[in-house]
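Structure first, then comments.
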Amino acid sequence: MGRFLLRRLAACLTLVWLVLTGTFFLLHLAPGGPGGALEDPRIPSEQRLRLRELWGLDRPLAVQYGLFLTAAARGEWGHSFQHHRPVAAVVAGALPPTLLLAGAALAIEWTLGLALGVAAARRPGGALDQTLRILSLVLYSLPTFWLGLMAVLLFSFHWPLFPPSHLASVGAEALPPLPRLADLAWHLALPALAVGLPSAAALARFVRGSLVETLGQEFVLAARARGLSGRRVLFGHALRASLAPLSQLFGLSLAFLLSGTLAVEVVFAWPGIGRVTFDALTARDYPVVLATTALSATMVVLGSLAADLLLAWADPRVRRA
């Protein structure tokens, strides 16, 4: 297991390095400059040269890349061109809202996904199974940003039940703890559903397929032959046997939710990593884009590693292999 972990960690570091290298060169080789300041004719040429020198853009690209890798290895990401403060502070301020959104979406995904998948697997081919399969396919096929826009249109403007954007209402900081928490949940509902529903649809199809396959195996048939109830066979034997691939899927879905909320955060003006990344991309804020890319890539590879470890923990055959 120790050698396995070392190999996987080395592969994770290599993957993150490749992602950062590709992002670095794509950002610097694309036309344009940070915030358009280096191409704005209204800014005197002397000041533009001073900005290039201040941001280190006057050096050869290979030198910039070497300095970037050296600083990144020390955990230093520089200063934001747009926010004029350390990148670490910008990312640290945006991380808690993204974790909150991802956690709420993860709860929706696994609660609905497991419930719908088990309900569909109990009577394969029935009316409920067919309805859930069609509904899950439709939800999974919808783009996340479109689902978010439709949620805002329907539930914020047509039926004003939820706020259309932001993390809290104006003046929510002065509220007592319980009303402030209720206000946060009120703002969190639509973006969490926009992220969690498509993932729940995909999980429901996976759970349904895994359970239908497991219910046809010999140990399940033997449990039925011993006179066990259908509920006990389903939850005590079939679902338990399906936990190994589901545990692996949990690690992957967690990483995806942490790194894949960009579109929803932009639609709902949610002040998280996705919104910060979008603003940095439009402003060509190189340090912030590289830092958020490194964070997203790290979350994905760690999620994949956690999924493999969960699978090895749940299935002794994987550990022996």
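Odds and ends about this structure:
- Of the peptides 272-281, 152-161, 49-58, 82-91, the order by per-residue mean of other Cβ atoms within 10 Å, starting with the highest, comes out as 272-281, 82-91, 49-58, 152-161.
- Close amide H partners of His79, meaning residues 5 or more places away or on another chain with modelled amide H under 5 Å apart, are Val87.
- Proximal charge balance of Pro198 [Cβ under 14 Å; K/R count +1, D/E count -1]: 0
- Annotation: peptides 7-16, 289-298, 106-115, ranked by per-residue average of other Cβ atoms within 10 Å with the highest first, follow the order 289-298, 106-115, 7-16.
- Here the residues Met150, Met299, ranked from fewest to most Cβ neighbours within 10 Å of their Cβ, fall in the order Met150, Met299.
- The residues packed around Val266, meaning those with a beta-carbon under 15 Å from its beta-carbon, carry a net charge of -1 if Lys and Arg are +1 and Asp and Glu are -1.
- Highest mean first, the peptides 187-198, 130-141 sorted by other C-beta atoms within 10 Å per residue fall in the order 187-198, 130-141.
Here, each number is a calculation from the coordinates, and none is a lab measurement. Quick caveat, the model's predicted, so the values are computed rather than measured. A quick note on method: Cβ atoms are made from the backbone with ideal geometry, for glycine too, and the neighbour counts reach across all protein chains shown.
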